[in-house]
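Below is one structure, written out as structure tokens, with a few remarks after it.
Read the figures in this text as sums done on the coordinates, not as results from a lab. Just so it is clear, the structure is predicted and the values come from calculations on it, not from any experiment. For neighbour counting, all protein chains shown are included, and Cβ atoms are generated from backbone atoms with ideal geometry for every residue, glycine included.
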Amino acid sequence: MSMQNLPPPPSFEALLSSQDIALFLDFDGTLVELAETPDGIDVPQHLAKNLHALFDRLNGRLALVSGRAIVDLEQHLGPLTIAKAGSHGGDCRHADGKNIGKIPKGLPPELLARVAEFAERRGFTLEDKPHGAALHYRSDPSLEEEGVEFAQAMAEEGDLDIKRGKCVIELVGRGANKGSALRGFMECAPFAGAMPIFVGDDITDEDGMRAARDMGGFGVLVGEREPTVAKYGLASPAAVHHWLEL
């Protein structure tokens, strides 16, 4: 279903008054506008403060679920005393910082070195993450095909998964995704028993939306992309802020 056919979600106030909800929010393209480079984002001045207020309003049932590493999120938002999942769900932590599940490992140094050499030689922007590596090509979309081909070879050699996004190809540990992150949180207090809502804009967010749907909740797609399992749609990060009263 395309964005044009997706109705807006019910008012947030109406959802809050009808039942306990658990809210899972992507970051790039959902809470902040996408930028040419990962460090080029413009983070609204009061976003962190407002997210912590929303966390309190939801009695702790709020989690950021991002492709970025948690340390990267906190470089832009400051210390986060809310639940968070970084590295596409590979690194999940409670609000107090305690891990949920296994602590993920990074790429082997020799493989990371080869990815870095490829990125420099072919014109990609490399993002070295604690639990993976990302090849960005927003400045030159024509690099996509060779980037995918290279990543597939590295994934097979290193027993890794590939995550695709808007002008980015990532290599991460096997098995982690935003759906598994949502399910991990939903097994624990204070999330257990609530209705999950996942809000995101990219293809990796579909795993989170699908898990939310399967657990009795729904997804909200930000912007335009198809196909999608989302039930509702919002036009932009600004619309997300308005909906959530951030």
With +1 on each Lys and Arg Cβ and -1 on each Asp and Glu Cβ, how big is the dipole of segment 109-173 about its Cα centre, in debye rounded to the nearest 20? 300
Net charge near Gly233, counting Lys/Arg +1 and Asp/Glu -1 over other residues with Cβ under 11 Å of its Cβ? -1
About its Cα centre, the chain carries a charge dipole, from +1 on Lys and Arg Cβ atoms and -1 on Asp and Glu Cβ atoms, whose size in debye to the nearest 20 is 860
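What percent does the relative contact order of segment 109-173 come to when contacts are Cα pairs within less than 8 Å and at least six residues apart?
29
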Report the Rg/Rh value for segment 109-173, based on alpha-carbon coordinates and the Kirkwood definition of Rh. 0.91
